[in-house]
1. Over the alpha carbons of region 2-207, what is the largest minus smallest coordinate on each principal axis, giving the biggest first in Å?
2. Run the dipole for the chain about the Cα centre, Lys and Arg Cβ at +1, Asp and Glu Cβ at -1, nothing else charged, and hand back the magnitude in debye, nearest 20.
3. Among the trypsin sites (Lys or Arg not before Pro) within region 156-215, which fall in a DSSP loop and have no more than 12 other Cβ atoms within 10 Å of their own Cβ?
4. What distance in nm lies between label points placed 7 Å from Cα along the C-beta direction at Asp35 and Glu150?
5. Which residues in region 27-41 place their backbone N less than 20 Å from a point set 7 Å from the Cα of Lys100 along the Cα-to-Cβ direction?
6. Taking GluC sites (Glu not before Pro) as candidate sites, keep only those in a DSSP loop with at most 13 other Cβ atoms within 10 Å, then name the longest stretch of the chain containing none of them.
7. Among all the lysines, which ones have a C-alpha under 18 Å from Lys177's C-alpha, if same-chain residues fewer than 8 places away are not counted?
8. So which lysines pass the test for Lys154, namely a Cα distance under 25 Å, with those fewer than 8 places away in the same chain ruled out?
Amino acid sequence: MTHALVLGASGGIGAALADHLSADHDVTRLSRSDDGLDVTDEASVEAALADLAPVDIAFVATGILAPEGAEPEKSLDAIAAEALARTFAVNAIGPALVLKHLAPKLTDAARVGVLTARVGSIGDNRMGGWYAYRAAKAAANQITHGAAIEIGRKRKGAVVVALHPGTVETPFTAGYKAKKVTPTEAAANLVRVLTELAPEDTGGFFDYAGERIEW
Ligand SMILES: NC(=O)c1ccc[n+]([C@@H]2O[C@H](COP(=O)([O-])OP(=O)(O)OC[C@H]3O[C@@H](n4cnc5c(N)ncnc54)[C@H](OP(=O)(O)O)[C@@H]3O)[C@@H](O)[C@H]2O)c1
């Protein structure tokens with residue numbers, strides 16, 4: 001059986017991804033709540049990934065909208081250095097450390113989806129605000145793109161992409177009124193997109209329908 005890995009398996013989307021993948025994969029679920037995995041701490045990431053069997057498909061489903069007790073900035077006035085740094089640590093440095101330690105574990109045709117967000121697109125930003133979250137996700141997109149190039153040199157069949165899951169009903173979006181899909185639906189979409197992409201698509205930024213998102 002093929003081996004799937006979900007980081008952030010305690011989260012709304014991560015749990016649904018792990019459940020969905022368990023139909024036809026052996027799934028390794030890793031999370032902060034259940035395993036003490038802290039993606040901002042390299043020793044923690046390294047230890048969590050050290051003894052993994054080769055990975056065929058992986059999702060990095062960790063992330064924060066804002067640090068605990070804070071919310072995304074509505075204006076420049078609300079920017080706070082500590083909140084910016086924490087948001088970057090979880091949303092950009094976290095995936096970077098994961099990709100660093102995950103790369104050697106990947107099979108030749110592995111699929112890796114890093115959950116970023118459409119609001120991390122600079123070209124698509126027409127509203128401003130949400131400085132830390134947007135910028136950290138843009139950084140995660142760049143890191144994923146670079147990692148895809150490097151991983152693709154050795155693993156010609158690999159697909160490493162940044163994915164926007166849609167607006168999904170999880171604790172993440174609890175305070176926001178918007179049309180949301182269920183985590184189950186989002187997970188099915190994300191698995192379909194990641195498995196249907198071709199090696200030529202590696203390094204891209206795609207939404208839940210498989211459409212490319214501008215950087
Ligand atoms: N929901 C949406 O509409 C939406 C839209 C666009 C993008 N996204 C992205 O999708 C991803 C998953 O979101 P979600 O809606 O599933 O959010 P969620 O339910 O709040 O789950 C977030 C996950 O991130 C983990 N996490 C947070 N900080 C961590 C750290 N320092 N180290 C390790 N794990 C950490 C949490 O772990 P614990 O709970 O165990 O602490 C949890 O598993 C995020 O990257 C988010 O930016 C979501």
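1. 47, 35, 32
2. Values: 20 positive and 27 negative charges, 98 e Å.
Computed charge dipole of the chain: roughly 460 debye.
3. Working: sites: Lys156, Lys177, Lys179, Lys180, Arg192, Arg212; in loops: Lys156, Lys177, Lys179, Lys180.
Of the trypsin sites (Lys or Arg not before Pro), the ones in loops of region 156-215 whose Cβ has at most 12 other Cβ atoms within 10 Å are Lys156, Lys177, Lys179.
4. 2.1 nm
5. Only 31-32, 36-41 pass the distance filter.
6. Numbers: sites that count: Glu68, Glu211, Glu214.
It runs 69-210.
7. Within reach: Lys74.
8. Lys100, Lys105
No value in this document is a laboratory result; all are computed from the given coordinates. What you see is a predicted model, and the numbers here were worked out from it, not measured in a lab. Glycine also receives a Cβ, built like all others from the backbone with ideal geometry; neighbour counts cover every protein chain displayed.
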